[in-house]
1. What are the pairs with Cβ atoms under 8 angstrom where one residue, in the range 332-347, is surrounded by 14 or more Cβ atoms within 10 Å (Cβ to Cβ) and the other, located anywhere, is among the β-branched types (V, I, T) and at pLDDT below 90? Sequence gap at least six, or different chains.
2. Give the residue, chosen from V200, V222, V166, that is of a type outside the set (F, W, Y) and free of Cβ contacts under 8 Å to residues at least 60 places away in the same chain.
3. Mind checking whether some residue in the range 244-260 is assigned to a helix (DSSP H, G or I), surrounded by 14 or more Cβ atoms within 10 Å (Cβ to Cβ) and in contact with a Lys or Arg (Cβ under 7 Å, 6 or more places away or on another chain)?
4. Kindly provide the set of residues from the range 212-255 that are more than 30 Å from R291 (Cβ to Cβ) and under 22 Å from the mean Cα position of the chain (by Cα), ordered by number.
5. Here are some residues: E586, E578. Which one is farther than 29 Å from E335 by Cα, in contact with a Cys (Cβ under 9 Å, 6 or more places away or on another chain) and not in a helix (DSSP H, G or I)?
6. Taking into account only those residues within the range 183-195 that are buried (at least 23 other Cβ atoms within 10 Å of the Cβ) and small (G, A, S), which is nearest to H248 (Cα to Cα)?
7. Out of curiosity, is R503 basic (K, R) and not in a helix (DSSP H, G or I)?
Amino acid sequence: MRDGPIFTASGSRLILIGLWLATCATLIAATWQFIVPLNFRDPDDALRLVQVRDLLAGQSWFDVTQYRILPPGGTPMHWSRLVDLPIALMLAALEPLLGTPLAERITLVTIPLILLLLLALLVYAIARRLALGRGTALLAVTLLLSALSILIQYAPLRIDHHGTQVLYGALAIWALIRTDRTDGRLGLIAGAATAAWLQVSAEGLPYAVAIGGLYGLRHMLVPGRWRDMRNYVTTLTGVSALFLFGTHDLADALVPWCDSLSPAYLLPLILVTGVLIGIHPLTGDATLIRRTLPLVLAGAAGAGSFLLVARDCLAGPFQSLDPIVYQLWYRAVREGLPIWDQKSDLQAIILVPALLGFAGSALALARARQPREREAWACLIVMQIVAFAVSLSVMRAMAFAHLLALPGNAVLVIALMQQAQRLRLPPLRVLLTASCVLATPIGASAIITALLNSGEPEAGNASGVPDRFHCTTYATLRGLDALPPALLFTPLDIGAHMLVYTRHSVMATGHHRNAIGMKEVLQAFTATPDAARQIVTDSGARYLVLCLGENEIERYRTLYPRSLSAALARGRAPAWLEPVPMRPGEPVKVYRIARPAA
């Protein structure tokens, strides 16, 4: 797309802001029925608000334990205060002026949309650094703002960490593909952004390694590129340590967790940095071998130390779960499963935008005339390959894979439109130009979903809101909240909602560090009523709470037809569960747990 009169620098900025505002209006309208009642669709968003509330209520910045999950000791969370911080700051500013209910709604709508604006600006900047014209860069932004796989992470009320980590990743990529500076400043930016990414989610590890590998390859092949390599690894290490010890108390920071940035990853990183910085002055940069030797030794030291201190992390953080937790919880979380465990329509949605992006990026690389332009596209393609591979193993990673595909998507669409415009027959030219929308991520995904749709729509009502969302809201849990604060025995999927909407505590939520509580909950709901009684009463919970028709209970009822879940679904509660009447219009089922006679 050629840059016309409207695609000046200022004009492009105005267009970008206009596109973002239109997207904001669309997202707010689409989620209004959830915003007004503060109805969280994802338990992680609900629990994130609980964490922020606790922080504002006086819990230590360095203590990320959730004390209302399996009290009194609570559950250590693997979440980052970097995600909590902007939410907490905005709430703290608005609450005195607007009151808590309105302040929370405004904050939970605004924060994701601001992150989306920052991401749009980064996509535009990345496209421009790839030597694309302003018109093509704006097309990439348009594709971003219509990519459902990415937008879902920035919808109102979506305050969990996924959108934040994609944003940090985009910043790191922007610094990586800039080849116009060799003074090391871009290495600093890439290192700091990647460190923040790792602090938010350990899912950034393969990207951190890939970015480091690309900086190392540049240093090997092009003399004079040492500064970026040095600054990337030193900043990555230093800022990672700063974030780890600056957001956790010392005892927790020293635990070698596999599911978050911890000494399990930091110690090898420190060793890599030490070896690299220590050996480079001895070898210098005179020859390829001299430039390569420090990289090889540093890589070997890092890999060896990781195998020595964190070998167990190679299996991933979920392999140590109890079998019942792994099968009934982890295997039921679709976003964490590989592509071969997904339905055919989801498989296509994961694959097609990324593959279209590969085609466009390869075309752009072939057309690139300047060495810097070719280097930038080559680096992006390598990162696309890494992101694509990760998205094949973990579905939720497709958001970043699709983000990196956007510049290539834009190039491909423009190339197809230009080919269509060369046709002489006007009707055919118009038809093929219009059909170019099928080469966009949203166009291709829509066609594929229509052709391969493999699932039934979730049961809902006239409002279009699934039935299960009507059981866990402020309005439908007032009766439960009116009961004296107590420990609740609930299914995993609604545990976080109990925390955000009531004053009660819960045995477990769908968060893996509370492996003991999760195991007890799953054992109880899948055991026979008689066997479940011992588990439930021994837990110390005062009430058992569930939503009939909720996906989790329906799954247990189907898999275990003689279980407590099946009995409760049929309305046949055992004698040791005494029904507690709720208010009219409150579908949640609450039972008082009767203790055995002493």
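The values are calculated or read from the model by the stated rules, or taken from the named source; none is laboratory data. In this text the structure is predicted, and so the values were computed from the model without any measurement. Virtual Cβ from ideal backbone geometry, glycine too; neighbours counted across all protein chains shown.
1. Cβ pairs passing all conditions: D345/I448; D345/T449.
2. On the way: V200 fails: free of Cβ contacts under 8 Å to residues at least 60 places away in the same chain; V166 fails: free of Cβ contacts under 8 Å to residues at least 60 places away in the same chain.
Matching residue, one of V200, V222, V166: V222.
3. Going through the range 244-260, the residues assigned to a helix (DSSP H, G or I) turn out to be 244-247, 250-253.
Next cut, surrounded by 14 or more Cβ atoms within 10 Å (Cβ to Cβ) only: 244-247, 252-253.
Right, trim to in contact with a Lys or Arg (Cβ under 7 Å, 6 or more places away or on another chain) and you get 247.
Among the residues of the range 244-260, at least one is assigned to a helix (DSSP H, G or I), surrounded by 14 or more Cβ atoms within 10 Å (Cβ to Cβ) and in contact with a Lys or Arg (Cβ under 7 Å, 6 or more places away or on another chain), which makes the answer yes.
4. Narrowing the range 212-255 to residues more than 30 Å from R291 (Cβ to Cβ): 243-255.
Matches in the range 212-255: F243, L244, T247, H248.
5. Of E586, E578, the one residue that is farther than 29 Å from E335 by Cα, in contact with a Cys (Cβ under 9 Å, 6 or more places away or on another chain) and not in a helix (DSSP H, G or I) is E586.
6. Ranking the qualifying residues of the range 183-195, first place goes to A195.
7. On the way: basic (K, R): yes; not in a helix (DSSP H, G or I): yes.
Yes, satisfied.
Each row is one residue, and each column tells you yes or no for (1) in a helix (DSSP H, G or I); (2) over 11 Å from the mean Cα position of the chain (by Cα); (3) hydrophobic (A, V, I, L, M, F, W, C); (4) closer than 27 Å to A88 by Cα.
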residue	(1), (2), (3), (4)
L139	yes, yes, yes, no
T164	yes, no, no, yes
L167	yes, no, yes, yes
L171	yes, yes, yes, yes
W174	yes, yes, yes, no
T179	no, yes, no, no
L188	yes, yes, yes, no
A192	yes, yes, yes, yes
A195	yes, yes, yes, yes
